[in-house]
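What follows draws every value from the coordinates through simple rules; no lab data is involved. Predicted model only: the values in this text are computed from it and were never measured. Note: ideal-geometry Cβ built from the backbone for every residue, glycine included; neighbour counts use all protein chains shown.
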Amino acid sequence: MWTVELGRTGVRLPNLALGTWNIRDPAAMRETIRAAVDLGVFHIDTAEIYPGAEEIVGHAIRGIRDRVFLTTKVAPQHATYTGTLAACEASLRRLGTDFVDLYLLHWLERDTPLEETLRAFRTLIEQGKVRFAGVSNFSVRELQRAQELFRPYALVNDQVEYNLTNRRIERDLLPYCREAGITVSGYSPFWEGRIPRRSPRWRGVERIAARHGRSPYSIVLNFLARQRDIVLIFKTERVEHLQENIAALDFMLDPEDIAWMEANFAP
Ligand SMILES: NC(=O)c1ccc[n+]([C@@H]2O[C@H](COP(=O)([O-])OP(=O)(O)OC[C@H]3O[C@@H](n4cnc5c(N)ncnc54)[C@H](OP(=O)(O)O)[C@@H]3O)[C@@H](O)[C@H]2O)c1
């Protein structure tokens, strides 16, 4: 693991973050969150729309809030000015904290009043309830418009899907964000757990994994982390998977492995 600067804030985050969507076992998730913080994965990603997740995170970080970097998100259906302020207040209550570190608009919908959402983000920053603001699932063009509207404040993050079969951000979003000083976070590195196990390409990943004595999940993370300035957000509620995912960045793929991955999972 290594650290990545959040936008141009000077704040450094681990390049692995723990997600909280689709929690099956709250007690196991709480244990995994606490283990993650202890192991240096102190960035926890959640959202108001993840069922039960903010409460579970809030419970898990009780007593260790000061060691955690917390990201949560407002849903577009709440994203009017007053709606965003109220949504943030409700998230803070569920999370049991006075502030979130990073607050994102979860995605853009046609009727999302973006000017209002961003005005609310400014208010929340001024009130000290939010440290930094960003967006999620925004294209370059949407991001540019949002940046324009948010000036003189800066959006510091765009959280987008990034996995072996969806590497399109490498073509446009990532180069743009590097120039603009915006950190990209990549979510669902393991396709939300829906691994395409029967595909010949996945068998190829398994072969590479076997040669390195690693799991195929480790090969996926190691390969994606070659974009060294991306934050990769995976979800697990098992401490052994958390440990495995952290260890996944400790080794080097061989040039021929990389060439095979590039040929079979082209952006
Ligand atoms: N902004 C957005 O619109 C958006 C959208 C989707 C996701 N996200 C964020 O990104 C996070 C991660 O994405 P995701 O939840 O979609 O899925 P993911 O991280 O791609 O996959 C999670 C699945 O992988 C399994 N897993 C993780 N590590 C493993 C390992 N080493 N070995 C075997 N299985 C492993 C987990 O099972 P176990 O729990 O059993 O380990 C779980 O079933 C979310 O939780 C959320 O915080 C954001």
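Highest mean first, the peptides 239-249, 39-49 sorted by other C-beta atoms within 10 Å per residue fall in the order 39-49, 239-249. What's the angle, to the nearest 10 degrees (0 to 90), between helix 81-95's Cα axis and the longest principal axis of the chain? The angle comes out near 60 degrees.
By how many degrees, between 0 and 90 and to the nearest 10, does the Cα long axis of helix 26-38 differ from the longest principal axis of the chain? Orientation of helix 26-38: about 80 degrees from the principal axis.
Of interest is the spacing of the C-alpha centroids, which for the range 150-209 and the range 6-70 amounts to 19 Å.
Of the trypsin sites (Lys or Arg not before Pro) in the range 1-49, the ones in a loop by DSSP (not H, G, I, E or B) with at most 11 other beta carbons within 10 Å are ARG24. Per-peptide packing, taken as the mean over residues of other Cβ atoms within 10 Å, places 170-176, 17-23, 131-137 in the sequence 131-137, 17-23, 170-176 from highest down. Using the Karplus relation 6.51 cos²θ - 1.76 cosθ + 1.60 with θ = phi - 60°, the per-residue 3J(HN,Hα) values for the range 20-25 come to 9, 7, 6, 6, 9, 10 Hz, with x marking Gly and Pro. The antiparallel fraction among DSSP beta bridges confined to the chain stands at about 10%. Its Cα centre serving as origin, the chain has a Cβ charge dipole (Lys and Arg +1, Asp and Glu -1) of approximately 280 debye. When the chymotrypsin sites (Phe, Trp or Tyr not before Pro) in the range 209-262 are filtered for DSSP coil states and for at most 15 other beta-carbon atoms within 10 Å of their beta-carbon, the remaining sites are PHE251. Roughly how tilted is helix 200-212, in degrees to the nearest 10 and between 0 and 90, from the longest Cα axis of the chain? Long axis of 200-212 versus the principal axis of the chain: about 80 degrees.
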